[in-house]
Amino acid sequence: MYPYPFSYHRPATIDDALDLIGQFGEDGKVLAGGHSLLPIMKLRLAQPAHLVDITGIDDLRGIREIDGGVEIGALTTHHDILSSSLLASRVGLLPEMAHVVGDQQVRNRGTIGGTLAHADPAADYPAGVLALDATIVTIGPDGSREIAAADFFTGFLETALTSGELISAIRIPSLAEGTGFRYEKMANPASGYATVGVAAVVTLAPDGSIFGARIGITGASDVAWRATLVEEALVGTTPSDESIRAAANLAIGDQELLADVHAPAEYREQVTRNLVFRAVKIAIGNAAGR
């Protein structure tokens, strides 16, 4: 199927892009990588009159070291994240996740900013930025602002972005010494999207107890979330299969799980608990050097 006719615009600067986005309002859509937007347009579920292609804005690309961590430009591709030695050394969870995003074509063209802005509940990165305690940097008509990842995803395909705003970068603090991580995913065999995906970041104290834990979950609900009950149950404990399993059983909390053609809610609940257990256990092993 072909999309409805639209006007195509390719600004060269952030200011030009913001001007166009403000001018078109609800009649415009931003193109960052296109792997989500273009299929929706072909199905005519979205019918923008104007397409603003921001892929020519070099200021939105790149991976940089900043004080205390790294900054990733919004137009950085999954392939660039996968192959970054800086990310591998500072926040290795993201390259690990990029390895299982889509297929090679998607990884070559899709961008982290586009993924986060689209906020598909089955995408991988939302779980990662939650577990990594990332900050989403935006730019809009009123200037720049910073949004904690925990506050960014607000509902099904909904974020804290306001009208006319773009994601400009993602800032992630470097992982502390004694920290391990893991992303566990049950992928839909046709699309590669997460039926359930769990990102775990665990820091061990010198005595081997759990000093800190952050768990991000995607795919199971209509919005990605931090499993804070699991985190609270883990911190201060000496890890064992029993204590990890008890914490993992708290993963759902009051979250309403999806029930669709891919999996009923009861199945997603069991898979979520199992993947939390597995991700946390492997992250602890990595943190301990095992």
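Laboratory data are not the source of any read-out in this text; all were calculated from the coordinates shown. Source: prediction; values computed, not measured. Every residue, glycine among them, receives a Cβ derived from its backbone with ideal geometry; neighbour counts consider all protein chains shown.
The C-alpha atoms of the chain occupy a region whose extents along the principal axes are 59, 45, 33 Å, arranged from largest to smallest. Looking at region 100-202, the GluC sites (Glu not before Pro) that sit in a DSSP loop and have at most 10 other Cβ atoms within 10 Å of their own Cβ are Glu177. Other residues whose C-beta falls under 15 angstrom from the C-beta of His262 contribute a net charge of -3, scoring Lys and Arg +1 and Asp and Glu -1.
The trypsin sites (Lys or Arg not before Pro) of region 1-93 meeting both criteria, a DSSP state outside H, G, I, E and B (loop) and at most 14 other C-beta atoms within 10 angstrom of the site's C-beta, are Arg44. Note that region 165-179 has calculated 3J(HN,Hα) couplings of 8, 10, 6, 9, 6, 10, 10, 10, x, 4, 6, 6, 4, x, 10 Hz, one per residue in order, obtained from phi through the Karplus relation 6.51 cos²θ - 1.76 cosθ + 1.60 (θ = phi - 60°); glycine and proline are x.
Classify region 180-287 as rounded, prolate or oblate, taking a ≥ b ≥ c as the square roots of the eigenvalues of its Cα gyration tensor: rounded when a/c is under 1.5, otherwise prolate if a/b is larger than b/c and oblate if not. Prolate is the answer for region 180-287, as a/c is 1.5 or above and a/b outweighs b/c. So if I take the centroid of the Cα atoms in region 82-127 and the same for region 265-290, what is the distance between those two points in Å? Value for the Cα centre distance between the two parts: 20 Å. Computed from backbone phi with θ = phi - 60° and the Karplus coefficients 6.51, -1.76 and 1.60, the 3J(HN,Hα) list for region 212-226 is x, 8, 9, 10, x, 10, 10, x, 7, 10, 7, 8, 5, 8, 8 Hz; x is used for glycine and proline.
For Thr195, nonlocal amide neighbours, meaning residues 5 or more places apart or on other chains whose placed amide H falls under 5 Å from its own, are Met186, Ala187, Asn188. Seen from Val198, the other residues with C-beta closer than 10 Å to its C-beta sum to a net charge of +3, counting Lys and Arg as +1 and Asp and Glu as -1.
Placing a pseudo-label 7 Å from each Cα along the Cα-to-Cβ vector at Leu43 and Glu256 gives an inter-label distance of 2.1 nm. On the beta carbon distance between Asn188 and Ala265, with R0 = 22 Å, the FRET formula returns roughly 0.85.
Close amide H contacts of Trp225 (hydrogens built in the peptide plane, cut-off under 5 Å, sequence separation of 5 or more or a different chain): Ile217. Put simply, the amide H of Ser168, placed in the peptide plane, has neighbours under 5 Å in Val137, Thr138, Ile139, leaving out anything fewer than 5 places away on its chain.
Using only side-chain charges placed at the Cβ, +1 for Lys and Arg and -1 for Asp and Glu, the dipole size of the chain relative to its Cα centre rounds to 840 debye. As a proxy for reagent exposure, ranking Asp241, Asp27 by other Cβ atoms within 10 Å from fewest up yields Asp241, Asp27. Rounded to the nearest Hz, the phi-derived 3J(HN,Hα) couplings of region 68-83 under the Karplus curve 6.51 cos²θ - 1.76 cosθ + 1.60 (θ = phi - 60°) are x, x, 9, 10, 10, x, 4, 8, 5, 7, 4, 4, 5, 5, 4, 9, where x marks glycine and proline.
Compare the peptides 147-156, 105-114 by average per-residue count of other Cβ atoms within 10 angstrom and give them in order, highest first.
Packing order, densest peptide first, comes out as 105-114, 147-156.
Just check region 127-197 against the gyration tensor rule for me: Cα atoms, a ≥ b ≥ c as the square roots of the eigenvalues, rounded for a/c under 1.5, and otherwise prolate or oblate depending on whether a/b exceeds b/c. Verdict is oblate for region 127-197.
If a/c stays under 1.5 just call it rounded; otherwise compare a/b with b/c (prolate if a/b is bigger, oblate if not). Do that for region 16-106, with a ≥ b ≥ c from the square roots of the Cα gyration tensor eigenvalues.
Here region 16-106 falls in the oblate category.
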